[in-house]
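Working notes for the structure below.
The values are calculated or read from the model by the stated rules, or taken from the named source; none is laboratory data. Source: prediction; values computed, not measured. Ideal geometry is used to build each Cβ from the backbone, glycine not excepted, and the neighbour counts take in all protein chains shown. To get the accessible areas, we keep the full protein, side chains included, count just its heavy atoms, and leave off ligands, DNA and RNA. Shrake-Rupley method; radii C 1.70, N 1.55, O 1.52, S 1.80 Å.
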Protein chains: 2
Amino acid sequence: MTLEIYLADNSPPTTVCIRRVIPKSIYPKFATNTSAMRRFLLSALALTLTLCANTAFAQLDQLMPVPLSVQPAKGKFRLKDKFEVSIRQKEPTRIDEGAKRFLQRLDGRTALNIPDYATKIAFPVDGLNIIVNRNGKLQLHEDESYKLQVTSSRIMLDAETDIGALRGLETVLQLLSVDEEGFYFPACKIEDAPRFPWRGLLIDVCRHWQPVEVIHRNLDAMAAMKLNVLHWHLSEDQGFRIESKKFPMLHQLGSNGDYFTQEQVKEIIAYADARGIRVVPEFDIPGHATAWFVGHPELASAPGPYTIEKKFGVFDPAMNPANETTYKFLEIFLAEMTALFPDAYFHIGGDENEGKQWDKNPEVAQLKKDKGLKENHDVQAYFNQRLLEFLTEDGKRMVGWDEILQPSIPTNIVIQSWRGKEALKKAAEAGYDVMLSAGLYIDLCQSTAYHYAQDPLPAELQLDKKAQGHVLGGEATMWAELISPETIDSRIWPRTCAIAERFWSAATVQDVDDMYRRLPKVSRDLEELGLMHIRYADVLIRRMARSENTLPLQTLRAVIGPLQGYKRHGQGIAYSTETPLTRLPDIAIPDPTMPREFAAAVDLHIAKADVMQSLVIRNWLELFKNNHHSIEHQAETAPAMRAVLPISQQLQALSVVGIGLLDMLEKGEADAQRKEGYQKTITQARTPVQECEILIVDPIQRLFEKVYGK
Amino acid sequence: MTLEIYLADNSPPTTVCIRRVIPKSIYPKFATNTSAMRRFLLSALALTLTLCANTAFAQLDQLMPVPLSVQPAKGKFRLKDKFEVSIRQKEPTRIDEGAKRFLQRLDGRTALNIPDYATKIAFPVDGLNIIVNRNGKLQLHEDESYKLQVTSSRIMLDAETDIGALRGLETVLQLLSVDEEGFYFPACKIEDAPRFPWRGLLIDVCRHWQPVEVIHRNLDAMAAMKLNVLHWHLSEDQGFRIESKKFPMLHQLGSNGDYFTQEQVKEIIAYADARGIRVVPEFDIPGHATAWFVGHPELASAPGPYTIEKKFGVFDPAMNPANETTYKFLEIFLAEMTALFPDAYFHIGGDENEGKQWDKNPEVAQLKKDKGLKENHDVQAYFNQRLLEFLTEDGKRMVGWDEILQPSIPTNIVIQSWRGKEALKKAAEAGYDVMLSAGLYIDLCQSTAYHYAQDPLPAELQLDKKAQGHVLGGEATMWAELISPETIDSRIWPRTCAIAERFWSAATVQDVDDMYRRLPKVSRDLEELGLMHIRYADVLIRRMARSENTLPLQTLRAVIGPLQGYKRHGQGIAYSTETPLTRLPDIAIPDPTMPREFAAAVDLHIAKADVMQSLVIRNWLELFKNNHHSIEHQAETAPAMRAVLPISQQLQALSVVGIGLLDMLEKGEADAQRKEGYQKTITQARTPVQECEILIVDPIQRLFEKVYGK
């Protein structure tokens, strides 16, 4: 019965590797029966794949992000439950607590009872030795480099700053390897430093509220991936999410009660600081500001009253740039917020103000006349200019989206480029510091490979040295229209690991297959920090299926993805902040593993008529074909699953076609009678259902063309 | 292939029920082959079981805790995405936010897009109508009753207080039912009120720190189960877990940095209040107080210095009852804390002070002499008397463990009985208000049935009416020696659902099988509130197995349990606050479902030679037998799993024996040669491994005796 277990376990194998010998214990009773023999072969293959996926002995090739230089050496530092850490530093630094967290994770991961978190006075010890020269400052361009040497007798981690040492500790954890004797760290010499100084993740807590614990656990994951900026998107049309003591109606009326108190903000900043992560707040103005106007309609360019926006999109309300009250208000407000956030940078948004309210407002018309402002863009530049004065007075550097780039604005601001690389180039060449977010909108559910290819400094831009120096890095952006605290982690991770590698590792680290090879382990390791991106799906499935049996929907989930880009919004549901996010597109994840593996197997089979690949393909297709029955059965007593039936049926039909095509390939004859029907089924399988799409249609189409010709 | 899917899915069926017709679609190709036929039968059976487990049409018999009275009626209130809620009340109450949370959960559970959380002015609406007479006070004996009537056109929920209405909303959610057309609420008339006014859960945040989100989600679960007191155990030898502004060294030196700020405490009290839950803090003194003495050694009865205790047990340090400084300190401290916690009750612990420091302290000797105190118990009574004065001054009623009951203490305090029911009886008859915790120590991993049987007012105590009136209810106690934030939920839930029913429902609700029948659905429903008790296991398994494939350990986990009582402490590991809680006993849960089902199947088979039961038994044993190979394979690349091998091997050997016994039963002949070996294997299987035990040894022993005689 062991044989069937893997077939039913839909965790797809991560690498196709058949070198391992199949253990004797799995040769069972079926040996004389042909059909059973085929089943056995299938199963043995699957088992082999699993074994290979699990086989990750020395971990030097598992690091993510890839360090600047890794030199393997001979030997193993063997981990035992007597493992000491010694820290040499001049004063207490972040590494004291960092080393404790490191040991807790090492304990948890190994289940070894390492007895004492206390750091030792002796130096060096036959364990982990950390040398820190100074306390790092949480600021752009701070030294985050480290050197690491593992020998069979000790580990030496050497860093200029405690922040660099924290980065190094994450590498040490990733080095943890196993062999017959147990856990060890492979001997090696690593030198490492980041390529870009600004490596961020934006979290929008406005469209859907994200409570403190979501921020906490994502800060942990960011630290694990060597990201160093949390860009905290705190105000939007749909919510004003931070307590203002100066203007309490902002959060009291501008939110549904879900906002961060200033105590919580301080605590989160301290939490991030302890992990070497800067916190840059964003207050998006003059547009995207409806929630401000619920409590303060006097700030808007049209009279109001206003209510918190529940829908998504670009809305008309915008601050009144022609009223001095607005500036008085903002001056006080910004003074309050700049005092709360210690970082030197402060983000004022500035995107997507379409100026419709401005066009209708006579005060704005008068302002244009008075100040000689031709277009609304000029008005916004004037507005930003005024903000810039306040921020400069408060000791901050201004950051904003592409739109804030106007000739009249001095170059000591930072442009966050979301419109495209040309915008980034333009800004950098005009002498502005810039960072990239175009192509890094992780809410759009695009592939990891797509994001991995987004280089803040792509060769094709042909930036000169000076302009290159203005490119600070980039940020992945987690916009929150379609995420809840339950699902958010699955939209950020593990894809953002690849983005983090793009920001940290050398430009030459570009092997997509190798990235995908390393991703599953890194993803799994993020769980120990509390990340929900793997476990969340069973939770939603149990709720939808009203059952402990999550297998049917997990199986379906392996082969579908939520629609990419903005397509989910055009499928019949007018999303609002109140729409439940417990449906199939929330259970599905962007860029699942199985379809990639499947496509690779199909292509190999097409190219080489590879029997093993044929078995892999057939294995999956049989599983999907039969899975539809299970889905149907569960749907009888689970109404929320009934909406899933059409896509499951499409998949079943597609699988039957795939199996038919495989049969024809094996026999070497194409059944002309079935051609038309097959093509129709394949085409039909491209229709999105429940905002999801089947991700193996293309390879089946290729099989079809192999059989019938193009 | 559908057939095998269930075999590999180790979620055990929840009820053995074979009434459902097996759908035709699952009759496949195997029909001519005998071995295949047996496999098919097995699978069909398993599938049948799954279908039955999923079948939960009308939900009137799924309520937990069982209401006082439930009358079914004819008709169904059909749920559509136009579902309005109307509230009739004189002023804003907790039900406004409560109804929003209700709708969010209903949305999430049904995936229906119920468009508007806003409550309607019209009354009644063709939806849910809530009538609240007044704002409830968060105090003992407050009215928590409600009446609920569901007809095919509307739902009426009527309550004296908003707290009663919140309780009723939980019942409405549990009533959600399904049929072919979709979701509905079955027509019915329910009248409900709690049996006991004090229905609590103690959470120890000291032995292992539990952060804010753990408290939040457990408050949600408590509300779902109609519990109404969070007993917050805030100080211990292992940590002082709350900020004191008067004596900041208490939390600064008495914790490792993990404590609740007063802001967080206020927020948690508000969170509990919104759910109709009182918060009673406990500061355990004079013993259990080592952590206080790290910053304030002057309070102790021996000079110090002190460090935070890392081990577990009963320790010597105790407050100095003979020094007026102690009382001065406590007066100020208690004034601070009683002002922070609004509840009328305040817990001062008082347990397990063995008085060793007192015996050696000449001041205490002098105190005894001066005050005529004979024993240490009298000294503690004197100490408590002093505390009582402070608390009375602060407007609080004192609560403490059994030990604080001394003749000299007036009867206006509350005794929490942990030593046994006799202690409870003694206190109640002496005129003290009492509540039960004996038998409700959920950290001890005992069975749900055991806890379910612990009645705060058992008939055998023969309390008179007056004494009965002193029994307020009880509390489940989540002591934290062996739990982490990852595992805590799995130790509280779902067993505490049964305890909640004991506290709320009539004394006559005692059907253990029926409780077990209702438990899995309630348990699953708790997940929507964020509880981790189901999902946590895969997280630990992936870490231990270093693989996405959680099936082998999930299979093992179905049939084992952590050792009960205090036995985990005697198995080789000297637990401390630093021991990793990521091992097999942390993955195993108390009282899993499968062994109960297995024992029932065995007993039925023994009694009636039931073929279907025999198949069920064989199915499980085959699974366990083969599972060991999978465990072995995973252990090759996962050293933390190697400690699991012995118990997996024991289970394999036991399964082989079980299969052998089944074969003999079928043939009707006992193989005398195997008798001795079989008995040895069965006995061997009782040996605990990794602080876990196999839970199907007894039924296998019974099979053995059926075959070989006693």
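A few notes on this one:
- Qualifying residue in the stretch B:602-612 (condition: at pLDDT 95 or above, buried (at least 21 other Cβ atoms within 10 Å of the Cβ) and not acidic (Asp, Glu)): yes
- Total residues in the stretch B:665-689 satisfying the condition of being open to solvent by 40 Å² or more (accessible area, probe 1.4 Å) and closer than 23 Å to B:Gly565 by Cα: the figure is 5.
- Qualifying residues in the stretch B:75-95 (those that are out of contact with any strand residue (DSSP E or B) (no Cβ under 6 Å at 6 or more places or on another chain) and open to solvent by 40 Å² or more (accessible area, probe 1.4 Å)) - the one modelled with the lowest pLDDT: B:Asp81
- Candidate set: the stretch B:423-437, residues that are within 24 Å of the chain's Cα centre (by Cα) and open to solvent by less than 20 Å² (accessible area, probe 1.4 Å); chosen: the one modelled with the lowest pLDDT: B:Leu424
- Selection within the stretch B:559-575 - of a type in the set (A, V, I, L, M, F, W, C), open to solvent by less than 10 Å² (accessible area, probe 1.4 Å) and either out of contact with any strand residue (DSSP E or B) (no Cβ under 8 Å at 6 or more places or on another chain) or farther than 18 Å from B:Lys625 by Cα (or both): B:Leu563
- For B:Gly400, the test of being on the phi > 0 side of the Ramachandran plot and touching a residue at least 12 places away in the same chain (Cβ under 8 Å) is failed.
- Here is the figure for the stretch B:223-240: residues that are within 16 Å of B:Glu282 (Cβ to Cβ) and in contact with a helix residue (DSSP H, G or I) (Cβ under 7 Å, 6 or more places away or on another chain) total 7.
- On inspection, B:Pro580 fails the criterion of being in contact with an Asp or Glu (Cβ under 8 Å, 6 or more places away or on another chain), within 14 Å of chain A (Cβ to nearest Cβ) and assigned to a helix (DSSP H, G or I).
- Only one of A:Leu662, A:Leu695 that is touching a Lys or Arg at 6+ places or on another chain (Cβ under 6 Å), more than 14 Å from chain B (Cβ to nearest Cβ) and either crowded, with 17+ Cβ neighbours inside 10 Å or more than 24 Å from A:Thr448 (Cβ to Cβ) (or both): A:Leu662
- Being over 21 Å from B:His231 (Cβ atoms), open to solvent by less than 40 Å² (accessible area, probe 1.4 Å) and among the small types (Gly, Ala, Ser) is a description that applies to B:Ser523.
- Looking only at the stretch B:350-387, and only at residues there that are among the hydrophobic types (A, V, I, L, M, F, W, C) and not in a loop (DSSP other than H, G, I, E, B), the one that is nearest to B:Leu234 (Cα to Cα): B:Leu387
- Within the stretch B:611-626, residues that are facing another protein chain (nearest Cβ under 9 Å) sit with their Cβ atoms under 8 Å from residues that are modelled with pLDDT of 95 or more and buried (at least 19 other Cβ atoms within 10 Å of the Cβ), at 6+ positions apart or across chains, in these pairs: B:Glu622/B:Ser655; B:Leu623/B:Thr555; B:Lys625/B:Gln652; B:Lys625/B:Ser655.
- Restricted to the stretch B:627-648, and to residues there that are surrounded by 23 or more Cβ atoms within 10 Å (Cβ to Cβ) and among the polar types (S, T, N, Q), the residue that is farthest from the other protein chains (Cβ to nearest Cβ) is B:Ser648.
- Pick from the stretch A:41-74, criterion closer than 30 Å to A:Asn619 by Cβ, surrounded by fewer than 17 Cβ atoms within 10 Å (Cβ to Cβ) and away from chain B (no Cβ under 14 Å), ranking: modelled with the highest pLDDT: A:Asp61
- A:Ala638 touching a residue at least 60 places away in the same chain (Cβ under 8 Å), in contact with a helix residue (DSSP H, G or I) (Cβ under 7 Å, 6 or more places away or on another chain) and more than 27 Å from B:Gly182 (Cα to Cα): no
- Residue in the stretch B:81-107 that is farthest from B:Glu160 (Cα to Cα), counting only those that are among the charged types (D, E, K, R), away from chain A (no Cβ under 11 Å) and touching a residue at least 24 places away in the same chain (Cβ under 8 Å): B:Lys82
- Breaking point among (1) open to solvent by less than 20 Å² (accessible area, probe 1.4 Å); (2) within 29 Å of B:Tyr271 (Cβ to Cβ), for B:Lys147: (1)
- Qualifying residue in the stretch B:659-681 (condition: of a type in the set (Ser, Thr, Tyr), at negative phi and outside any helix (DSSP H, G or I)): no
- Per-region count, the stretch B:336-351, residues in contact with a helix residue (DSSP H, G or I) (Cβ under 8 Å, 6 or more places away or on another chain) and in contact (Cβ under 8 Å) with a residue 60 or more places away in the chain: 7
- Residues satisfying the stated conditions in the stretch A:302-320, i.e. open to solvent by less than 70 Å² (accessible area, probe 1.4 Å) and without any contact (Cβ under 8 Å) to a residue 12 or more places away in the chain: A:Gly304, A:Gly313
- Restricted to the stretch A:388-422, and to residues there that are part of a helix (DSSP H, G or I) and aliphatic (A, V, I, L, M), the residue that is surrounded by the most Cβ atoms within 10 Å (Cβ to Cβ) is A:Ile404.
- Checked across the stretch B:486-493, the condition of being open to solvent by 20 Å² or more (accessible area, probe 1.4 Å) and not in a helix (DSSP H, G or I) holds for at least one residue.
- Residues located in the stretch B:524-562, provided they are part of a helix (DSSP H, G or I), within 17 Å of the chain's Cα centre (by Cα), within 9 Å of chain A (Cβ to nearest Cβ) and not charged (D, E, K, R): B:Tyr536
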